[in-house]
Structures are given as structure tokens and as C-alpha cells.
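Visitor: Below are the C-alpha cells for one structure; questions will follow.
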Amino acid sequence: EAYFQSCHELPSAAVAFTAVTERLWGQGLAYHPLSGFPTDMPYFCLRVPTGGGKTWLAAKSIQRVNTHLLRCEHSVILWLTPSKPIREQTLKALKDRQHPYHAALREAGPITVLDLEEAKSITRATLDTSTTIIVATRQAFQVEDEECRKVYQSSGALMHHFEHLAPAQRAQLLRDDQGADAAAPYSLANVLRLRRPFVIVDEAHNSRTELAFDMLARLRPSGVMELTATPDLERTPSNVLHSVSAAELKAEEMIKLPVVLETEPNWQQCLADAIGRRDALHKLADEERRAGAAYLRPIVLIQAEPRRAGVETLDTARVRAELINNHRIPAEAIVIATGEERGLERIEADYKRGISDPACPVKFVITQKALAEGWDCPFAYILVSMAALHSATAVEQLLGRVLRQPDARRRGNRLLNQSYAFVVSRSFAETANALRDRLVAGAGFERREVADFVTAARAEQTRRDLFSV
């Protein structure tokens, strides 16, 4: 809000950014403009670690955008996601009138939430009478993508948007070729150019290519707000207006810290230790529930190894067999979530509250590279890695899954306010450092925080931890 107001009071978005960061944080930061964009366009980033509620922040910001930046009753918001699964999840939540995200949007007055297909036949009346949020993947606007060229193609359904335009407005429209006299198509891209959408970029660290910025520039945005745990600070630097620390999220009871780490070279023993920890946490959760606390069923996420021909691996089938045959875990308590087996989708379909439903029996989720994007389960407490933390992307995604605090409310027993990692490894120090690196690079933790937030489960391992000296 302070930044938006300063954009009007000071000569430019750049001067406003430096002045506001000086006023708020005591250090005036240099502003990095984006070439090819309108010079009056604010471009800024909110850096929020994993579990910090980026989607809710984005929804809450729209009323501020209308009131303090655009100073208008209604606007067009282009909400860009990194993938189709996250687009679908975001759309579902924003359209659900019972969801807190939708309630946050309504602070901006009448709202309309559309997917890209619906937006291709949007009426002028809709844009004139409500704040319209169009949720799409970033790829949908890349003209090189064959499937997505419809965004730039003429459509009779959009013709009425181009009636009675002033010459200056017509001059701003995209044309099919380079000739100034060529007819401008009645395209969604041109409707957006006329309306100058405010753009929200979710997981912005995934869209740092020249192609992605060129795509955004074509739409003449009125502003770009990035939300990410790990902003780019080097190649095309983000203007970080505010940075949230993991310690702040812990203080707000949003994430479970520290991550208590245990390493064990024998994979079967490592898995047995994790099962023992899960059983102990479940017992504590049941005791708290009998005293009036909310329902909680701690879940173990197991990262198995990829299957390789002719090589014995700790793949999903072998891990599942170990759970059933040697630990007597019922088959219905185990779900496999890989590219081939989509067990989580069945759970979401079968139970009203998905995996968090009290009727759901699942206690173990076995995955390989990574879970379905956007899958959110605060009941996940324990990460088990058979792959010795080799796959950085998979580890940081799975780590993010075990960090969220159920109901964003601290539990009575401190053991239920921590996350747990069990890793098949001979070196505790090496594993602890790898885990800390992933929390910094992938989850958005600050380097000085990770020494406190990754701790050893056993005293003898503490002595081998370089950070504990």
C-alpha cells in the first residue's frame, strides 16, 4: 500500500521503490526496471518462504491494487501460474465462494474469476462492472506455442471491445504483421492491451527467461507483482519490496520448525525409525484430540529411487513391499504418487476433505521424483529419502510438504510443532548441509536461519554437525 501510494506521489515507480524500502526497512534498494515495459509500470516482488501463504497474499492484494495503485473501481488481473495443476487448484479455490481466497478477492467489490477459455469470449459489460481475474499458465501466452496462439487470433466474440476506439488506442494494438496499416485482430491479447492488466506471477522464479518477459510486455501491464520463495537476484533481478523470514512464519504458527534430521546407512532401519516416529506422533495427536484438539493423522512422505533396468533399486514397489511384509502396514494405509500411479487423485475423489479426511486411512505416501504440483497436506510430518538427497528439486518440493503447520495453529506438544527427515546416508554432516542448502535455495530460508532450523535427532550426530560447533 505504501509503495502504491508513493508511485503517485514521487516521479516514478523506480524512485518510489527506493524511497519506500528506505522508509520501511532502513535501506533504500536500487530498482531494476524491465526493458520493453511501460516506464510508469511498478515491478516488484514479495519474497515469502514455503508455507507462507503466497496465494492468499495475492488474493488480498487485489483490493489494494484497485484502491491505491490503479485508483479505479474495477480492473483486469492476469494471474499466471507455473503449471496446469497449480492453475486448476488456484481456479478452484478462487471460484469457491466458501474459500478464504474468494473472501479475500471480494474485498475488491464485485469479482469475476475466469479461466483462459472463458476469457476468450468475455464481454465488455463484465469488464466494466467487475474486477475480472483471469487465471492461466504462463505458457498460454507464449506465441511460439501452437496450442496457445488463439490468444492472439481474431475472434468475432470480442469484436465489440474494439468499437469507438480513439486513434491513440488503435495505435497501441498488436498486429498480425509488422505493417502499421495492417488490421489489428480482435484478439484476447488486444483486449488485455486496451485494459492494461495488473499481472500476478506465482512462483516467479520459474519465469525468468527473455521469452517470458517478452510475452508479458506484449500485454502492456499496469503493474507486475511476483510472489516467490527464491527471487532471482542476479540475471534479471527482482525488486524485492518485502522479504519474510522463516522465523517470522514459525512465530505466526504457519510452519513446523526445526526439521529434526536423522541419518542411517541401512535403508530398512531408516524406514523402521521413521515408522516408529510416526507412531509416536500419532499417539501424541490422539492424546491431544481427547483433550479437545483438532483431528490430526501424521503422514510419512517417502522418496523412493527411480526403477532402473537390471539394477536393484529402492523403488516404490520395493518400499511398499517392505511396509506391508515386514511392518504389517495395511495396504489401504499406503498410497503411491508417481507419474504412472496417481493414488493421490483417487484419495481426493474418494474423500470429502481428501487425505486430511478423518475417514481416510492413508499414513504413508510413496513418491519418486516429486509429488503432484500444488498438492497441499499439512498432515505430512516426516520426509524419508531413500535417494540420499541427490535430487535437489524433489527434495525441496517434499521438504515444503512437511513444513506446513496443520490449521496454522501450534499444538500443545512441542514434538507436533516440528518436522522430521530420515535419510539413508552414512554422513550426517554432509546430509545436514545438503538439507540446509535446499531450504535456502528452494524453500526461501535465509542462510543465517538454517543452522537453527535443521537439528540432529541424536546427540552423537550433533557432535558430527559442522553447524553445531
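The values are calculated or read from the model by the stated rules, or taken from the named source; none is laboratory data. Computed from a predicted structure; not experimentally measured. We place every Cβ from the backbone using ideal geometry, glycine too, and count neighbours over all the protein chains shown. Keep in mind that these areas ignore ligands, DNA and RNA; they rest on the heavy atoms of the full protein, side chains included. Shrake-Rupley method; radii C 1.70, N 1.55, O 1.52, S 1.80 Å.
Visitor: Taking GluC sites (Glu not before Pro) that fall in a DSSP loop and have at most 13 other Cβ atoms within 10 Å as cut points, what is the longest piece of the chain between them?
Guide: 2-143
Visitor: For Trp56, Trp267, Trp79, Trp25, write out the residues from largest to smallest accessible area, computed with a 1.4 angstrom probe and no ligands counted.
Guide: Result of the area sort, largest leading: Trp25, Trp56, Trp267, Trp79.
Visitor: Given a 1.4 Å probe, how much area per residue of the chain is accessible, in Å²?
Guide: Counting only protein heavy atoms, the per-residue value for the chain is 46 Å².
Visitor: I'd like the Karplus ³J(HN,Hα) series for region 314-330: coefficients 6.51, -1.76, 1.60, θ = phi - 60°, whole numbers in Hz, and an x wherever there's a Gly or Pro.
Guide: Karplus values, whole Hz, x for Gly and Pro: 8, 7, 4, 5, 5, 5, 4, 4, 4, 4, 6, 7, 9, 10, 6, 7, x.
Visitor: Please give me the summed charge of the neighbours of Ile382: other residues whose Cβ is under 9 Å from its Cβ, Lys and Arg +1, Asp and Glu -1.
Guide: Neighbourhood net charge equals +2.
Visitor: Provide, as a two-decimal number, the C-alpha radius of gyration of region 109-168 over 2.2 N^0.38 Å, N being how many residues it has.
Guide: Expressed relative to 2.2 N^0.38 Å, the Cα Rg reads 1.25.
Visitor: Could you pull out which residues in region 44-65 have an amide N less than 19 Å from a spot 7 Å beyond the Cα of Glu88, following the Cα-Cβ vector?
Guide: none
Visitor: I've got another one for you. To the nearest 0.05, how large is the calculated FRET efficiency for Ala317 and Ala166 if R₀ is 60 Å and r is the Cβ-Cβ distance?
Guide: Once rounded, the FRET efficiency stands at 0.35.
Visitor: Give the lysines whose C-alpha is closer than 22 Å to that of Lys150, dropping any in the same chain fewer than 8 places away, or say none.
Guide: Those lysines meeting the cut-off are Lys84, Lys120.
Visitor: Relative to the longest principal axis of the chain, what angle (0 to 90°, nearest 10) does the C-alpha long axis of helix 13-25 take?
Guide: 40
Visitor: Add +1 for every Lys or Arg and -1 for every Asp or Glu among the other residues with Cβ under 12 Å from the Cβ of Val335, and state the total.
Guide: Once all neighbours under 12 Å are counted, the net charge is -1.
Visitor: If you don't mind, there's one more thing I want to ask. Excluding Asp452 itself, calculate the net charge of residues whose Cβ lies under 11 Å from the Cβ of Asp452, where each Lys or Arg counts +1 and each Asp or Glu counts -1.
Guide: +1
Visitor: For Leu34 and Ala280, FRET efficiency with R0 = 60 Å and r from the beta-carbon atoms, rounded to 0.05? Intermediate values should be presented prior to the final figure.
Guide: Numbers: r = 51 Å, r/R0 = 0.85.
With R0 = 60 Å, the Cβ-Cβ based efficiency is 0.70.
Visitor: Another question, then. Can you tell me what percent of all Cα-Cα pairs in region 1-51 are more than 14 Å apart?
Guide: That fraction is 52 percent.
Visitor: Moving on. For the chain, what is the charge dipole size about the Cα centre, in debye to the nearest 20, if Lys and Arg each add +1 at the Cβ and Asp and Glu each add -1 at the Cβ?
Guide: For the chain, the charge dipole is close to 860 debye.
Visitor: Now a separate question. Between Ala93, Thr123, His164, whose Cα lies farthest towards the positive end of the dipole of region 78-175 when Lys and Arg beta carbons carry +1 and Asp and Glu beta carbons carry -1, centred on the Cα centre?
Guide: His164
Visitor: Given a Förster distance of 41 angstrom, what is the FRET efficiency for Asp128 paired with His242, based on the Cβ-Cβ distance and rounded to 0.05?
Guide: According to the calculation, E is roughly 0.80.
Visitor: Residue by residue, what Karplus-based ³J(HN,Hα) values in Hz, rounded to whole numbers, does region 62-75 have, using 6.51, -1.76 and 1.60 with θ = phi - 60° and x for Gly and Pro?
Guide: Once θ is set to phi - 60°, the couplings for region 62-75 become 5, 4, 5, 4, 5, 6, 9, 9, 7, 6, 9, 7, 10, 9 Hz.
Visitor: Non-local amide H neighbours of Ala421 (under 5 Å, H modeled in plane, Pro and chain starts lacking H): which ones?
Guide: Long-range HN contacts for Ala421: Val260, Leu261, Glu262, Leu383.
Visitor: Just from its helices, what would the mean residue ellipticity at 222 nm be for the chain, if runs of 4 or more DSSP H residues each count -39500 (n - 2.57) and the sum is divided by every residue, rounded to the nearest 500 deg cm²/dmol?
Guide: Here the helix-only value at 222 nm equals -10500 deg cm²/dmol.
Visitor: Ok, one more. Given H placed on each backbone N at 1.01 Å, which residues far from Ile366 in sequence or on other chains put an amide H within less than 5 Å of it?
Guide: Sorted by chain and number, the residues that satisfy this are Ile302, Val335, Ile336, Ala337.
Visitor: Run the 1.4 Å probe and let me know the accessible area of Lys60, rounded to the nearest 10 Å².
Guide: Its heavy atoms expose roughly 50 Å² to the probe.
Visitor: Val199's amide H: which non-local residues (gap 5+, or another chain) put their own amide H closer than 5 Å, with H modeled 1.01 Å from N in plane and none for Pro or chain starts?
Guide: For Val199, the qualifying residues are Leu78, Ser222, Gly223, Val224, Met225.
Visitor: Could you state how much accessible area His74 has, in square angstrom rounded to the nearest 10, with a 1.4 Å probe and all protein chains kept in place?
Guide: In the full protein context, His74 sits at about 40 Å².
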